[in-house]
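What follows is a single structure, written as structure tokens, with notes after it.
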Amino acid sequence: MPLTLLQTLTSEAVREEAYAWLCRQRKSWPDSADVWDFRRLWITEKARLQRELNNGTYQIGLLSRTTLPNGEEVDLWSARDALIMKALTIVLQPVLPVSLRCTH
């Protein structure tokens, strides 16, 4: 029996793949970045995320604005939200068609 999208999203493999991506993406972030607390608490956060997703209570937070060293301002997702968005990408990318008109 095939897994549902939610079962795939909350699977250990997808969470760990998204976590590894997050660690690579934010490895050079400053000491004050939320990613370091998130990584330190990963065992607890992993279970909490699975519980919230399964219960339908996960809520994406607000973006936070930060200024880069070059003076440019950017809006960023929290480490927690970035991980969930990456997990969603991992799960949905093989299922959803990508338009040839889509660019990044």
Charge tally in the Cβ shell below 10 Å around LEU49, where Lys, Arg are +1 and Asp, Glu are -1, LEU49 excluded: +3
Virtual spin-label span in nm between TRP29 and THR89, 7 Å along Cα→Cβ: 1.4
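What trypsin sites (Lys or Arg not before Pro) in the stretch 1-101 are in a loop by DSSP, with at most 16 other Cβ atoms within 10 Å of the Cβ?
Qualifying residues, ordered by number: LYS27, ARG101.
Is the chain best put as rounded, prolate or oblate by its Cα gyration tensor, with a ≥ b ≥ c the root eigenvalues, rounded for a/c under 1.5, and otherwise prolate when a/b is larger than b/c, oblate when not?
oblate
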Cα-projected label distance for THR4 with THR67, points at 7 Å along beta-carbon direction, nm: 4.7
THR57/SER11 FRET efficiency (R0 25 Å; Cβ-Cβ; nearest 0.05): 0.85
Total charge dipole magnitude, the stretch 5-92, about the Cα centre, Cβ charges on Lys, Arg, Asp, Glu only, Debye to nearest 20: 240
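No lab work stands behind these numbers, since they all come straight from the coordinates. In this text the structure is predicted, and so the values were computed from the model without any measurement. Virtual Cβ from ideal backbone geometry, glycine too; neighbours counted across all protein chains shown.
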